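Remarks on the structure that follows.
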Amino acid sequence: MPEANCRFSGSGGQYFGTVFIHLFLLSMITFGLYSPWALVRLYKLKATHTVINGKRVNFNGTGGDLFVLGLIQGLITLVTFGLYFPWAFCSIYRWRAQNTLVGGKPSTFTGTGGDLFLFYLIHMMILPMITLGIYSFWGLYRFYAWKEEHMRYGGEKTSFGAGFGGFLKVSILSYLLNTFTFNILTPWTLCMLFKWQINGLVVGNEGEVEHFPPVKTNIFVVTILIVLGLALFAMIALFVRSQLLMVWQLKSQMATMQMGMSGQKRVYRVPGAQPPPSTRKPTLKPRLKTAPDQPTASSKRPGVAEGRVKPGIDIQLEMKRINSLIQSNDRNEDAFFNRGWLYAYRGDLAEAERDYSRVIRLNPGATQAYYNRALVYVRMKKFDQAIRDFSQVLKQDPRNTRALCNRGNAYFESGRPDLALRDYAEALRISPNDGDIYFNRASVYLAQGKTPEATADIRKAASLGHKEAANYLRRGLKKPKS
């Protein structure tokens, strides 16, 4: 088993001034111009603490030489968009080797830019990317091994036997110590790296010393790392996908309550989101009154209750019956009202508007006709007409919260959010426990960018049993900042 014959004896305290004054402070003050002189100072200090095969080490390079060399190599690298970097590194390291004297003899570096380019491409780029960075530690270790295996300290053969476990330990410990001490322990961690590196060298001619075998990459280990990297990548991809999906859903949900502020007002909705801003409730229907031969507002027909058609009622047959009533009496207010409701139910909005208008002409005080026609106008996006009809309802019934809420919705749709807020506030004064009004007012607050107020209304609506508001909260509506 080969045994290393090189030693490093430096300590962090001896490197403190060089690292913090020269490498950090002076280099920073001079915007990096002093860096070559600082590095040469570090090389000289490292050499004084190094013994190679029983021989003392000296470094004779100067900061000026390194500055010129680094400037030239850096410019060529910049011009070639970084492709020249391997050749630049070899040039600088060749200069460093020539100025490293072991027992009075200069050292040499035999690495070439072409070899380093291929090595860097495989071990520092491709394999780390494939393994999602897991291979990076081994790639950096292989780089140290490649560099030392191409050195000839004092002109003698050099082999590298420092273990990967030691490198991993030094790397992790250095990261932790420097992170938690704000880099104050950098001189000590640097000495740990020097010691691991130099104490793993064997230098001497063949036959005089036993050398370490060349460091090679274990294909089996690389395969395992690639599999681990791909598995980690798949896990991260799935996590990111789930997070993006959740964010998209949240944005979509919030967008249902916001209006585009450029050009024509638009309402963005998630399919199935309720209620739309233009109506108080999607299930809110005009009440279907019965139509006996003579108008009687309070009478009802079997099968009709609270504005909903009971199962089993034939809509076409009901329409024929109402048409027959109108033919026999063209002033039958209830018949026109009921036919208008059926037209609206079927989606024939123009016909519904015409019948409700006929009811209003027959009876200007027909509050329900005004209210139902306003709902038709909302569906037709004729918001100004809807607002006029809701206002007429409120003249006759100032405490009608449905009309207040829906007029607020119409104001909102027509680009008058302040008037919408006024109507919602009045409706809540009359009916403070109506979750629909809180929910709709949140739409306006969101359109105005008042997220805290919107969130408060959503939560209030949810506390009052509003299901859609509760859904927003469950899907991740964030608590506003205080």
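What follows is calculated from the coordinates using simple rules that are stated; it is not laboratory data. Source: prediction; values computed, not measured. Note that we place each Cβ from the backbone using ideal geometry, even for glycine, and neighbour counts take in every protein chain shown.
Given the C-alpha centroids of the stretch 416-454 and the stretch 181-214, what is the distance between them in whole angstrom? Each part reduced to its Cα centre gives a spacing of 72 Å. If R0 is 35 Å, the Cβ-Cβ spacing of Arg241 and Lys467 corresponds to a FRET efficiency of close to 0.75. Full extension of the chain between Asp397 and Asp418 gives 5.3 nm of extra length, using 0.36 nm per residue less the Cα-Cα distance. Here the gap between Gln14 and Leu176, fully extended at 0.36 nm per residue and compared with their Cα-Cα distance, gives a gain of 56.2 nm.
The trypsin sites (Lys or Arg not before Pro) of the stretch 314-346 meeting both criteria, a DSSP state outside H, G, I, E and B (loop) and at most 14 other C-beta atoms within 10 angstrom of the site's C-beta, are Arg331. Each of Thr30, Thr100 has some number of other Cβ atoms within 10 Å of its Cβ, and from fewest to most they run Thr30, Thr100. For the stretch 17-42, backbone nitrogen atoms closer than 18 Å to the point 7 Å from Asp65 Cα along Cα-to-C-beta are found at 35-42. Ordered by the count of other Cβ atoms within 10 Å of each Cβ, fewest first, Ser159, Ser171, Ser324, Ser463 give Ser324, Ser463, Ser171, Ser159. Can you list the trypsin sites (Lys or Arg not before Pro) in the stretch 398-446 that are in a DSSP coil and have 13 or fewer other beta carbons within 10 angstrom? Answer in residue order: Arg399. Put in line by how crowded their Cβ is, counting other Cβ atoms within 10 Å and starting with the fewest, Cys405, Cys191 read Cys191, Cys405.
For Val79 and Val222 in the same chain, what is the full-extension length gain: residue separation times 0.36 nm, less their Cα-Cα distance, in nm? Spell out each step's value before the answer.
Numbers: separation 143, 0.36 × 143 = 51.48 nm, distance 3.45 nm.
Full extension from Val79 to Val222 adds 48.0 nm.
Spacing of the modelled spin labels on Met129 and Arg346, each 7 Å from Cα toward Cβ, amounts to 6.5 nm. Legend: residue pairs Lys157/Lys216; Lys395/Lys450; Lys395/Lys467; Lys44/Lys169; Lys195/Lys216, Cα-Cα distance threshold 28 Å; pairs beyond threshold, Lys395/Lys450; Lys395/Lys467. Taking label points 7 Å from Cα along the Cα-to-Cβ direction, Met380 and Ile21 give a separation of 9.0 nm.
For the stretch 6-230, the fraction of alpha-carbon pairs lying more than 24 Å apart is 51 percent, rounded to a whole number. Using 7 Å Cα-to-Cβ label points, what is the Leu168/Leu193 separation (nm, one decimal)? Placing both labels 7 Å along Cα→Cβ, they lie 1.9 nm apart.
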